[in-house]
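Engineer: Dropping a structure here in structure tokens format, bear with me for questions.
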Amino acid sequence: MYTIKLFSAAVDFARSKLKAFDSGHDWQHTERVLGLARYIMKAEGVGDRAVVELAAVLHDIADTKFHKGAETDGGDMAFQFLTEHGLEPHRAEHVRSVINNLSFKNEFNKPKDGSQQPGSVELHIVRDADRLDAMGAIGIARAFNYGGYKNRPLYDPDVPPAEYRSAGEYKNSTAPTLNHFYEKLFLLKNLMHTKTGKKLAQERHDYMVKFVETFLREIEF
Ligand code: ADP
Ligand code: NI
């Protein structure tokens, strides 16, 4: 059963796991995703609150950029934690599938014919929330923070943005941080599922475009 006690235990569990990550993937990121997911759920008037809130809280506990292991470890750890703490198995299973389908990398595994992948409203809500936090002012801060953490240049006119064809290529890129805007951040607006997510994404997208335009002007100065 979903209780306040279970929610608090999940928060404590996530906080302890996120300690080791860079500050773009810390507990504050998770808190913002939870806030965005709750906002979208309320605005859309759909979704199982237990699944949305628990998936948001637990979504990054084993991000493969920091956690050595399988892509599915995060969902599996969440499933085990939630069933041990008394959540109904079908809900814990749903949280597992949301967590394991969030990543931008999964976009590379989509069917090429443009058909929609199956997905629950809970997945769409949490995925939109996680992606919105990579956009706008916060998204800009997170991108440069991640680039700094990896010791990458801010920009390099000799390295044009790439169009990645596979998850592996995307993951192994060492490109300058400015390229990340073209390679991922500017694409997110069109990957939103919920109406509320699309509206928020448009505002955050426009802000990033202005930022990059200014950035390029200042480089050319
Ligand atoms: P996902 O979990 O959807 O695969 P990521 O974990 O790749 O998303 O992204 C998390 C955050 O780190 C985002 O804010 C993203 O923009 C940033 N980030 C990821 N890769 C890079 C990169 N190569 N350069 C700059 N920022 C990055
Ligand atoms: Ni996240």
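The values are calculated or read from the model by the stated rules, or taken from the named source; none is laboratory data. Just so it is clear, the model here is predicted, and its values are computed rather than measured. Neighbour counts run over all protein chains shown; Cβ positions are idealised from the backbone, glycine included. Remember, those area values only see protein heavy atoms, side chains included, never the ligands or the DNA or RNA. Shrake-Rupley method; radii C 1.70, N 1.55, O 1.52, S 1.80 Å.
Engineer: Mind checking which residues of segment 154-181 are within 16 Å of ligand 2 (Cβ to nearest atom) and either aliphatic (A, V, I, L, M) or open to solvent by 70 Å² or more (accessible area, probe 1.4 Å) (or both)?
Structural biologist: K171
Engineer: Let me ask you something else. Of all residues in segment 183-198, which are open to solvent by less than 90 Å² (accessible area, probe 1.4 Å) and not basic (K, R)?
Structural biologist: If the condition is that a residue be open to solvent by less than 90 Å² (accessible area, probe 1.4 Å) and not basic (K, R), then E183, L185, F186, L187, L188, L191, M192, H193, T194, T196, G197 are the ones that fit.
Engineer: Here's a check for you: in segment 21-38, which residue that is open to solvent by 10 Å² or more (accessible area, probe 1.4 Å) and modelled with pLDDT of 95 or more is farthest from ligand 1 (Cβ to nearest atom)?
Structural biologist: R38
Engineer: Pairs only if they're at least six apart or on different chains, beta carbon under 9 angstrom, first in segment 33-62 and closer than 19 Å to R142 by Cβ and of a type in the set (F, W, Y), second away from ligand 1 (no atom under 16 Å from the Cβ) and open to solvent by less than 10 Å² (accessible area, probe 1.4 Å); list them, first residue then second.
Structural biologist: If the second residue must be away from ligand 1 (no atom under 16 Å from the Cβ) and open to solvent by less than 10 Å² (accessible area, probe 1.4 Å), no pairs are left.
Engineer: Would you please name the residue that is most open to solvent (accessible area, probe 1.4 Å), looking only at residues in segment 39-59 that are of a type outside the set (A, V, I, L, M, F, W, C) and more than 12 Å from the chain's Cα centre (by Cα)?
Structural biologist: Per the stated criteria, the residue is K42.
Engineer: Additional query: Going through segment 115-130 one residue at a time, which ones are modelled with pLDDT of 95 or more and open to solvent by 40 Å² or more (accessible area, probe 1.4 Å)?
Structural biologist: V121
Engineer: When you scan segment 131-153, how many residues do you find that are open to solvent by less than 30 Å² (accessible area, probe 1.4 Å) and at negative phi?
Structural biologist: 9
Engineer: Which of the following residues is free of Cβ contacts under 8 Å to residues at least 60 places away in the same chain and farther than 15 Å from I138 by Cα: T196, T174?
Structural biologist: T174
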